[in-house]
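To keep things clear, I will list the structure first and then write my remarks on it.
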């Protein structure tokens, strides 16, 4: 199953949800007002839209995610690599490493991931 698209403002909402779920919708409204400056109506609109897309569920005023933070992050990276680099992971890594100096620990971690993937 493909992970539903989560847009930027929805992602900020989801971060609050992931950090606090399961959560009563009234409490979630308060957190969104504090953290995002959203009104009650905006928060409930986002909950409804995400519910319609299968990202969250709101049952008996308790809101829970149906997709994990990692699933959303991976889907976003997949989309970025596909759109920007024609699906080429090596091109993505080359572009990334040209803009950001990788330290020895980061290089070792990447090498370990590659070795584990091969193995």
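Here are a few things to note about the model shown:
- Check on residue 35, loosely packed, with under 14 Cβ neighbours inside 10 Å, at pLDDT 95 or above and outside any helix (DSSP H, G or I): no
- The number of residues in the stretch 67-81 that are under 19 Å from residue 20 (Cβ atoms) and exposed (fewer than 14 other Cβ atoms within 10 Å of the Cβ) comes to 3.
- Between 63, 67, the distinction of being within 13 Å of the chain's Cα centre (by Cα), outside any helix (DSSP H, G or I) and touching a residue at least 12 places away in the same chain (Cβ under 8 Å) belongs to 67 only.
- Scanning the stretch 63-76 for residues that are at positive phi and either modelled with pLDDT under 95 or touching a strand residue (DSSP E or B) at 6+ places or on another chain (Cβ under 6 Å) (or both) turns up nothing.
- Residue in the stretch 38-56 that is touching a strand residue (DSSP E or B) at 6+ places or on another chain (Cβ under 6 Å) and part of a loop (DSSP other than H, G, I, E, B) present: no
The values are calculated or read from the model by the stated rules, or taken from the named source; none is laboratory data. Quick caveat, the model's predicted, so the values are computed rather than measured. Because the Cβ atoms are built from the backbone with ideal geometry, glycine has one as well, and the counts that use them run over all protein chains shown.
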